[in-house]
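Structure first, then comments.
The values are calculated or read from the model by the stated rules, or taken from the named source; none is laboratory data. Please read these numbers as outputs of a predicted model, since none were measured by experiment. Positions of Cβ are generated from backbone atoms using ideal geometry, with glycine treated the same way; all protein chains shown enter the neighbour counts. These area figures cover heavy atoms from the full protein model, side chains too; ligands, DNA and RNA do not enter into them. Shrake-Rupley method; radii C 1.70, N 1.55, O 1.52, S 1.80 Å.
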Amino acid sequence: MKDNIKTLDWPELIASTPCAGFVPNALGALGQRVDAEAGTNLFRIGEAVRYVYLVVRGEARLIRRTIHGQEIILQRSRCGFIAEASLETKSYHCDAIAAEPTTLLQFPVGAFRSALDDEPMFCRGWQSLLAKEVRKLRAQCERLSLSRAADRINHYIESEGSNGVVSLTQTKKAWASELGLSHEALYRALRKMQDKNLLRVDGNQLISNPVPGR
């Protein structure tokens, strides 16, 4: 389902999705609302780039699959842009799916590029957003380079949480995909860490226990 952006309350949208605040009015007027059911493909790898998407509600994921069929999550977006890396290319470099019922705004890629050229404030905001995304992706690359599941879990807590505590905003099965693990491997690692008193799980919170003597 697609509707004009005017069907959404713009001030409410900016309050829930701050990065929408630097979208110029002329570009915003071209945005179309897309309501996607869970599992819907927004675009597929190799397709021509037609739109840049802003997630308003729900979650969209950029994914690739290994030769063994394992799903690797490259990016998860809740209230943010997706497909930034495809803005300067002719085709999408991965698949995008709605992980749950998701509302997005889609902007024509040509108009988006023109706005970046013509609107300095928009360009600066976009550069700031990309810098933040680079920092996040660097952490993810470092995490996936770790061989042990426990090390990936600890890295996630330290890089995405605060003071040894992180709150998950997704299911553990989805988190396992983001960590590059099977959900069985993740559950085994969590159980071992809890048995060794290295970790506590409280609802959606993971809490690292300090190691004695450190």
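Give, in nm to one decimal, the length gained when the segment between Asn163 and Arg148 is fully stretched (0.36 nm per residue of separation minus the Cα-Cα distance).
Additional length available on full extension: 3.2 nm.
Please state the relative contact order of region 21-153 as a whole percent: Cα pairs under 8 Å, 6+ residues apart?
Answer for region 21-153 is 32 percent.
What accessible area per residue comes out for region 98-214, rounded to a whole number of Å², with a 1.4 Å probe?
58
Is the C-alpha gyration tensor of region 93-146 telling us rounded, prolate or oblate? Criteria: a/c under 1.5 is rounded; beyond that, a/b larger than b/c is prolate, otherwise oblate.
Oblate, because a/c is 1.5 or more while a/b does not exceed b/c.
Have a look at Gly69, Leu27, His93 and report the one farthest towards the positive end of the charge dipole of region 2-113, computed about the Cα centre with Cβ charges (Lys/Arg +1, Asp/Glu -1).
Going by the charge dipole, the pick is His93.
Could you tell me the calculated FRET efficiency between Ile207 and Cys79, based on Cβ-Cβ distance and R0 = 25 angstrom, to the nearest 0.05?
In this case the efficiency is close to 0.45.
What figure in square angstrom, to the nearest 10, would you give for the accessible area of His183 with a 1.4 Å probe?
Approximately 60 Å² of His183 is accessible to the 1.4 Å probe.
Roughly what would the spin-label model give for Ile14 and Val134, points 7 Å off Cα along C-beta, in nm?
My value for the distance between the label points is 2.8 nm.
Could you give the length gained by full extension between Ala29 and Met121, i.e. 0.36 nm per residue of separation minus their alpha carbon distance, to one decimal place?
31.4 nm
Work out the length of the dipole vector of region 122-214 about its Cα centre, built from +1 on the beta-carbon of each Lys and Arg and -1 on the beta-carbon of each Asp and Glu, and round it to the nearest 20 debye.
Magnitude of the dipole: close to 80 debye.
Specify which labelled value, from (1) 19.0, 60; (2) 19.4, 66; (3) 17.5, 64, agrees with Rg and Dmax of the Cα atoms in Å derived from the coordinates of the model shown.
Derived directly from the coordinates: (1).
Pick from Ile82, Ile72, Ile45 the residue whose mean-square fluctuation is largest in a GNM of the chain, springs joining Cα atoms under 10 Å.
Ile45
Using the membrane-span-like helix rule (whole DSSP H runs, Cα extent along the own axis of at least 30 Å, mean Kyte-Doolittle hydropathy at least -1.0), which helices of the chain qualify?
Result, helices passing both filters: 120-144.
About the Cα centre, and with charges only on the beta carbon of Lys, Arg (+1) and Asp, Glu (-1), how big is the dipole of the chain? Nearest 20 debye, please.
With Lys and Arg at +1 and Asp and Glu at -1, about 760 debye.
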